[in-house]
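K.L.:
Dumping the structure here so I can ask a few things about it.
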């Protein structure tokens, strides 16, 4: 992945050479071809013009990153060079050259001042247990990073590499990450970007600490191993004179207009210049910030400024807000946005669900689709209902909070009120006994569906608004073309005239009502509670394949009539879990095409220590049905026979006697163990007892 990460940096630098203007993803994709007022409004907000010149754009506030921890986050030399020329150090940067025409030492002074506003600490190495850059490369390409950033040319997604011609819009380029970050500081930033960039333009991706370290390792081309010491950025030894000089420069440059600075007064509004020499000029005069704007960007800003004082329509504010936060990189709304053909290859999930199993849902009418309280939790990182999508829904922080009210108002639909629902009818309609068979493809709470595992329907009462549910059920394909969801109310007519007299509105209201009541489950699920599918070993041991916690996806369960049972891990070639009591309920394994990881249903569950390196070579049953598991360890064939005894198991390990070889069998802790005498060369016998 090292070449991959390097290519990303080179690509970003090339983009900077070819297109030097500030990069605003929403403008570049939706307004870059022709100047317009809407594009100018977006630029006025995203380039920070509004922070100095005032007014209200109606869009999420755009601020600069937090500077109190800059000295611990970024390398000093990079900071100095960035302040001097942001575009050269980060192609596409939206920060202008604020200080120009000053001596080179001024940038060093400003760096000393910025270092002084945060806590300084001695550089301490950070122990990162393991950095897997290859895994980080997979994360980068599969969780959604490539919706905004360019994919690496050496990474091939599962469905094959896209064609270069399929990339129809540009991506946000990286700076020279190695020059800016250490492994530790980049990991910390990726773990919680909102700490640094509270405006949400770089959202949080829900990473764990190990994810962030692996992703940073990929981006930096890091080659590490267990126990790697990752140094932080070296702290700056500050010079008091330079600190004061830098403080004065920060005031001159009006840094507090976009950044939070301690003890700094937010500068007043700067009047817009109507003559040449201002920010919109090719060469800004005097102290005016210098933006390397394209001609289209200049023209768009001028058009907006000519109408700056006119109120923005809510529908425009909604559309531009989604572009400002780049929600439309992953989501389509009203026929616009979503990943282009090339990037679709990196959106993966459950192919059995068609496009809905791979791509994030449309945002069309989302304001009348989701109930406001549910929508708010989605934006804050909760209420995830599509676990099959590998792409993650980011968290944008407070910048996304206004979307609930804004989209709710824009998308509001004046529709007839649905009549009261009937829970009994709703239960039947969702089920398979005369209903629409929804549970054939959809989960219901902890109950897996009977076929493909669509999203959970048990929360639709809390999640969806009734009016939108009616719209969708009448014509699902109108909302999401290509969906596998059929219409059971084509042209508004019910598929079953016997339920509630075929009244479509009452039937849909009943589905919503039943789900909201949380009163039971749809009809048609096999009766799991009756024990109908519980396997009870009686005369002989029973072997069952499944997924099980602690034994993985290659679990082989063995139930013994004597009451102590075993789960053998066929991937790691060793016993994994033992327990006493009930053996196994096979309902999920037998009725779901996508079983969840089961838990042992009995008591006294004991995890077996992981075996050493081995290769699993299968198993066979002896004349009494007892399993004999076969593996190869250190080039030697090893067989393990398990038999049930009263309140326990007997384990016989055999191998061809080999000099200097010992299978070194591991044993479960907390269980009484006795090694039987008379094992002899190539044979050892153990008995495990549960009291």
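K.L.:
Can you tell me which condition residue 353 does not meet? The list is (1) touching a helix residue (DSSP H, G or I) at 6+ places or on another chain (Cβ under 9 Å); (2) at pLDDT below 90; (3) surrounded by 19 or more Cβ atoms within 10 Å (Cβ to Cβ), and all the others hold.
P.N.:
Only one criterion is unmet by residue 353, namely (1).
K.L.:
Sticking with this one: Among the residues of the range 293-307, write down those that are surrounded by 19 or more Cβ atoms within 10 Å (Cβ to Cβ) and part of a loop (DSSP other than H, G, I, E, B).
P.N.:
293
K.L.:
Which residues, taken from the range 77-95, are more than 11 Å from residue 176 (Cβ to Cβ), within 32 Å of the chain's Cα centre (by Cα) and touching a residue at least 12 places away in the same chain (Cβ under 8 Å)?
P.N.:
Once the filter is applied, which keeps residues that are more than 11 Å from residue 176 (Cβ to Cβ), within 32 Å of the chain's Cα centre (by Cα) and touching a residue at least 12 places away in the same chain (Cβ under 8 Å), the range 77-95 yields 79, 87, 92, 93, 94, 95.
K.L.:
Something else now. Tell me which residues, restricted to the range 161-196, are touching a residue at least 24 places away in the same chain (Cβ under 8 Å) and touching a strand residue (DSSP E or B) at 6+ places or on another chain (Cβ under 6 Å).
P.N.:
171, 172, 183, 184, 194
K.L.:
Pick from 94, 80: which is surrounded by fewer than 22 Cβ atoms within 10 Å (Cβ to Cβ) and under 19 Å from residue 326 (Cβ atoms)?
P.N.:
Exactly one of 94, 80 is surrounded by fewer than 22 Cβ atoms within 10 Å (Cβ to Cβ) and under 19 Å from residue 326 (Cβ atoms), namely 94.
K.L.:
If residue 567 passes every condition in (1) touching a residue at least 40 places away in the same chain (Cβ under 8 Å); (2) under 18 Å from residue 686 (Cα atoms) but one, which one does it miss?
P.N.:
Evaluating residue 567 over (1) touching a residue at least 40 places away in the same chain (Cβ under 8 Å); (2) under 18 Å from residue 686 (Cα atoms) leaves (1) as the failure.
K.L.:
Every residue in the range 545-556 that is surrounded by fewer than 17 Cβ atoms within 10 Å (Cβ to Cβ) and in a strand (DSSP E or B), please.
P.N.:
545, 547, 552, 553
K.L.:
Could you go through the range 245-261 and let me know if any residue there is assigned to a loop (DSSP other than H, G, I, E, B) and out of contact with any helix residue (DSSP H, G or I) (no Cβ under 9 Å at 6 or more places or on another chain).
P.N.:
Yes, there is a match, as at least one residue in the range 245-261 is assigned to a loop (DSSP other than H, G, I, E, B) and out of contact with any helix residue (DSSP H, G or I) (no Cβ under 9 Å at 6 or more places or on another chain).
K.L.:
Same structure again: Please enumerate the residues belonging to the range 616-632 that are assigned to a strand (DSSP E or B) and surrounded by 12 or more Cβ atoms within 10 Å (Cβ to Cβ).
P.N.:
Answer for the range 616-632, where residues must be assigned to a strand (DSSP E or B) and surrounded by 12 or more Cβ atoms within 10 Å (Cβ to Cβ): 616, 617, 619, 621, 627, 628, 629, 630, 631, 632.
K.L.:
Among the residues that make up the range 380-394, is at least one of them surrounded by 21 or more Cβ atoms within 10 Å (Cβ to Cβ), over 24 Å from residue 352 (Cα atoms) and touching a residue at least 12 places away in the same chain (Cβ under 8 Å)?
P.N.:
yes
K.L.:
Let me ask you something else. Among the numbered conditions (1) part of a helix (DSSP H, G or I); (2) within 30 Å of residue 149 (Cβ to Cβ), tell me where residue 279 comes up short.
P.N.:
Unmet for residue 279, out of (1) part of a helix (DSSP H, G or I); (2) within 30 Å of residue 149 (Cβ to Cβ): (1).
Residue-wise test of (1) outside the structural domain of residue 667 (by TED's automatic domain parsing); (2) in contact (Cβ under 8 Å) with a residue 40 or more places away in the chain; (3) within 28 Å of residue 640 (Cβ to Cβ); (4) in contact with a helix residue (DSSP H, G or I) (Cβ under 8 Å, 6 or more places away or on another chain).
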residue: 507; (1), (2), (3), (4): yes, yes, no, yes
residue: 512; (1), (2), (3), (4): yes, yes, no, yes
residue: 524; (1), (2), (3), (4): yes, yes, no, yes
residue: 552; (1), (2), (3), (4): no, no, yes, no
residue: 581; (1), (2), (3), (4): no, no, yes, no
residue: 599; (1), (2), (3), (4): no, yes, yes, no
residue: 610; (1), (2), (3), (4): no, yes, yes, no
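K.L.:
Looking at 25, 35, which is the one that is in contact with a strand residue (DSSP E or B) (Cβ under 8 Å, 6 or more places away or on another chain) and at pLDDT 95 or above?
P.N.:
It is 25.
K.L.:
Can you list the helices (runs of 4 or more DSSP H) found entirely within the range 131-235 that contain at least 2 residues being modelled with pLDDT under 95 and under 29 Å from residue 388 (Cα atoms)?
P.N.:
133-142, 183-191, 209-220
K.L.:
List every residue pair whose Cβ atoms lie under 6 Å apart, where the two residues are 6 or more positions apart in sequence or sit on different chains, the first residue falls within the range 231-259 and is within 20 Å of residue 199 (Cβ to Cβ), and the second residue, located anywhere, is in a loop (DSSP other than H, G, I, E, B) and at pLDDT 90 or above.
P.N.:
258/48; 258/63; 258/64; 259/64; 259/67
K.L.:
Can you tell me which residue within the range 478-495, out of those that are over 37 Å from the mean Cα position of the chain (by Cα) and modelled with pLDDT under 90, is surrounded by the most Cβ atoms within 10 Å (Cβ to Cβ)?
P.N.:
Across the range 478-495, the extreme among qualifying residues is 495.
K.L.:
For the range 414-422, does any single residue satisfy the condition of being part of a helix (DSSP H, G or I), buried (at least 16 other Cβ atoms within 10 Å of the Cβ) and modelled with pLDDT of 90 or more?
P.N.:
There is no residue in the range 414-422 that is part of a helix (DSSP H, G or I), buried (at least 16 other Cβ atoms within 10 Å of the Cβ) and modelled with pLDDT of 90 or more.
The values are calculated or read from the model by the stated rules, or taken from the named source; none is laboratory data. Since this is a predicted model, take the numbers as computed values, not measurements. All Cβ positions, glycine included, derive from the backbone under ideal geometry; neighbour counts span all protein chains shown.
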